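Before any comments, here is the structure.
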Amino acid sequence: MKMMGASWDTYALVVTDRRLIMAQITADMLNAAYKEAAERAKAEGMGFLGQGAHQMSVAFQYCQRYETLSPEFALAETKGNRGIENVQITAVDMKDKPTHQDSMEYHEFIMTVKSPEGKFEFHIGEDDRFVTILKTAYGEKVHMPFGYFRVGGARIKLF
């Protein structure tokens, strides 16, 4: 976050066997991806609503591209990108944050990565896949909220 919480930077977090890469997603990158998605949907004969639906999935799909890119490319892609060696990470603290938007409630984690370089805070989706990746890479350094359990689609929080 920046400017007293009024705005924030967006990152794709890329966990490798060597380091955590914070790949900044800029507005220009997303705008180009939105434009490409709209053009692709239009070329496929989709109407206005189809194009809109295509564009809504762009941010998620854009981050998935890092699964096939080399870590070196991800680091060099923008000047805002950086990496922290896994051995330098001392803790990954996860806090549960319920979020209300319109009539919808969903949960996300506020993830704080601690290292000698400082603390880095991210808001990430509450998703078993993300937790599994973090626990595989960082083991006991990952601290889940007290009393938090999740089994499949069932979310259990004691206390």
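Here, each number is a calculation from the coordinates, and none is a lab measurement. Owing to the predicted nature of the structure, the values given are computational and were not obtained by experimental measurement. Because the Cβ atoms are built from the backbone with ideal geometry, glycine has one as well, and the counts that use them run over all protein chains shown.
Residues whose amide H comes within less than 5 Å of that of VAL142, counting only those at least five positions distant or on another chain, are VAL92 (H built at 1.01 Å from N in the peptide plane).
Once backbone amide H atoms are built at 1.01 Å from N, THR10 has ILE25 as its partners under 5 Å, excluding neighbours fewer than 5 places away on the same chain.
Summarising the label geometry, the points placed 7 Å from Cα in the beta-carbon direction at THR78 and MET46 lie 2.3 nm from one another. For segment 33-46, putting each phi into the Karplus relation 6.51 cos²θ - 1.76 cosθ + 1.60 with θ = phi - 60° gives couplings of 5, 4, 4, 4, 5, 5, 5, 5, 5, 5, 5, 7, x, 7 Hz, in residue order, rounded to whole numbers and with x for Gly and Pro.
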